[in-house]
Each structure stands twice: as C-alpha cells, then as structure tokens.
Amino acid sequence: MQADLLKKRSLQVFFGILFLSVVVLAYHLRSIFNPLLLSLLLAYIANPAVNKIEKWGIGRVTTISCIYVLLMAALSFSFLVIVPLIGDEVSILYQKTFVGDSFLDENKNNIADEKETVVRDLDSDGKYDPSYVNVILAWMKKDIEEWNTKHPNKQIALGDILDELSKPENLQKIFAQSPKTIVWAQQIWSHFFILLSYLVFVPVYTFFLLRSLNNIRDTIFSYLPKQKKNEVRQILQSIHLAVSSFFRGKLLICVIKAILTWAVLQLFGVKFALLFGLIQGVASVVPFMVLIVGLIPNMVIVALESDSSLLGPLLGLFCLYMFIEGIEGVLLTPMIMGKETGMHPLTVILSLLVGGELFGVFGLILAIPFASALKILLRELVLPGIGYAFGHNILVEKVDS
C-alpha cells in the first residue's frame, strides 16, 4: 500500500517537472513554436469534422484537401466582401472623428454651397457636420466660457488653445506625427517577414498535423503504463472537454454574437454596425470587455451624432446591447456549451494578461485553454499529493494518540 502511494506521488512529481520544463522550453523558443502552436490549434478544431467525414468512406487526405478549398473560399469571400466593408467603416469613422465634412454651410441652409469645389458629405444628411473632436472641443470651450463668466477672478485661459486644436489641418498634423503611429508602422514593417513565414508554414504544419493527429494520440496512449492508462485517459478527456468547450463553443458564440450585433444595430440604424459587430464578437472572449470596448465607444458616437435629447438614443442603445447579452446568457451558452461554461471571469482576465505578456498574440489565443488544462492537471495530479502528505501526517498523529 505504501509503495503504491509512493509511486503515485512520484508520478505526480514527474508530471509537474515535465509540465514546467515544457513551459520554459516553449517560452524560450516561442518564435519557433508559435506557428506550430497555431497549426496545432487549427488541426484540433478541424479534426472532429475530418473524423466524421472519414467515416463516410472518404479518404483523410481528400477530406483535408476539401476543407482547405472551402477555407480558401471563405477567406477569399472575407477579403473580397467583408474586409472592404469594415475598411470603409473604419475610414469613415476616422474622417468623422478628426476631419468631418469637407464643405461649409456658409449660407445656413443645410445645403452645400454650389461654388464649393470639394464636397464630401460623409453621412449624406445634406448638412455640414463637424468632426467629433471639434464637437467635443466646442463643448469644452462653451463650458470654459461659462466658467469664466461666472468666475472672473479664476478664469481658465484655454479658449485660444482649443481654437487652434479645432482646426482640421492642425488635428491631422498632430495625429500624423504621433510617436505611437510611427512606432506601430516600424513594428508592422519589422514583423512583415514573420507574418510571411506564418502564411507559408502554418498551412503546411496544419496539413500534416491533421493527417497524423489520430496516430499521434494513439501512439501516446500506447506508451502509457497499463496501471495508469485509465487515469491518464480520464485526465486527458477532462482537458479535452475544457479546451473544446472554449474553442468550439466560445468561438462559435463569438461569431454568432458578431453577426447578431451587426444585424440588430443595422436594423435600428446605428452607425458603424459592422465595425461594432466585429468588436462585439472579439470582445466577447473576455468577460465584461464588451462594455468597455463595445458599448461605451458606441454610446459616445451616438451622443455625438444626436441633435436632440441624449437620454432616448443612449437608453435605446443600452437596451440593444443588453438584449444581445441576454440572448448569449439564456440561449447561446446553454445550447452550445452545455455544462462546460468555462472558468471564473477573473481567471480568464488574468490568463489573457499573462498569455499576452509571455507569448504575444498567440498567447492570448492559447491562454484560456492552457489555463483550463493547468487547472485540471493541478486538481488531478498535484493537489491529491499535497492532500495525501498533510492528511497522512494528521492520520498518523491521531492513531498514535
């Protein structure tokens, strides 16, 4: 009995050391492992579909080739249709934020002056709309003037500065010379060849992993000790359920929420519906992130676009977002993910922060499933050993007494 417990604890220590060694090695070689990890992720997601089609009598290589063709068709559709639409919305949002309409309504009739050589009404409403920044600066200037009128001894001398900042040419100069913009441009250029290597290696890695994934799994199981095989299978099955609940469940929910948000916002005439639908889908991975990067910026734009009372439009937009979040909580999550609802929101946020800091973009992708697997390994392999050590000592003390 004592020998079996000692073997169990030795096995737990071995798995712990092996796990930490893999983590350290992957971190130091992350530039090499990142394309392989991405390929493994894609192969893991696609493998159930390949297995199901293979049962119909179609060869595995043929199935993988057909999936590649369908994937290329989907990517082509995205680049030809969806990406240009998003690009147009981003371009218009930039123009409306920093530039505004390019004609002035000098005769105050809400119609562009016929003598104007450049006419660009961004939202086609037939009137001149200043940029969002100019609207905010005008609000600030008005508040400052009211303050200076009420407090002549404590005047704020920001009016002239705001007048200069509100000029479109000065705004464009400021943002064009932004250090962050220069840094981003340098980073994009320096990572161009890395991106090119991903485009070359990831499809190749994914193809071979998909073709051999089942064999790799069976080979690993064949080397497991017979007395531990069932236990290890059970642990791996738990990890599989946790990881698949995220990739095949959470990601599917994100796609549905993106499409649903796009449709709902478009139906109610909210501007930049496609862009905020995309933001909704991506932000839904992190709990409560939609409120920060989705709802709040959208409410700011609605407030800047509103010519009348703000309460109605803002309340209506808030209700739309709450309606979409309610559909996720009541329908999508129970139907798609079932009981595998993921981890605590705080654990998700911390996992994403650590993963992004250590491994960059792909650390963000793998952070949550990695944390789920780590949680299961700690629960099944490490904690029982610790519990045994303390519990055994307590038991001995009770027997001796």
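From the list Gln227, Gln234, Gln280, the lone residue that is modelled with pLDDT of 80 or more, of a type in the set (S, T, N, Q) and farther than 24 Å from Gly360 by Cα is Gln234. Name the single residue that is modelled with the highest pLDDT among those in segment 343-401 being within 22 Å of Gly249 (Cβ to Cβ) and part of a loop (DSSP other than H, G, I, E, B). Result: His344.
Please determine whether any residue of segment 97-106 is within 25 Å of Tyr128 (Cβ to Cβ), over 23 Å from the mean Cα position of the chain (by Cα), part of a helix (DSSP H, G or I) and of a type outside the set (Lys, Arg). Scanning segment 97-106 turns up at least one residue that is within 25 Å of Tyr128 (Cβ to Cβ), over 23 Å from the mean Cα position of the chain (by Cα), part of a helix (DSSP H, G or I) and of a type outside the set (Lys, Arg). Quick one: in segment 252-275, which of the residues that are without any contact (Cβ under 8 Å) to a residue 60 or more places away in the chain and under 16 Å from the mean Cα position of the chain (by Cα) is surrounded by the fewest Cβ atoms within 10 Å (Cβ to Cβ)? Looking at residues that are without any contact (Cβ under 8 Å) to a residue 60 or more places away in the chain and under 16 Å from the mean Cα position of the chain (by Cα), I get Val255. Under 29 Å from Glu325 (Cβ atoms), outside any helix (DSSP H, G or I) and modelled with pLDDT of 80 or more: is that true of Lys257 in this structure? In short, no.
The values are calculated or read from the model by the stated rules, or taken from the named source; none is laboratory data. Computed from a predicted model, the values in this text were never measured in an experiment. All Cβ positions, glycine included, derive from the backbone under ideal geometry; neighbour counts span all protein chains shown.
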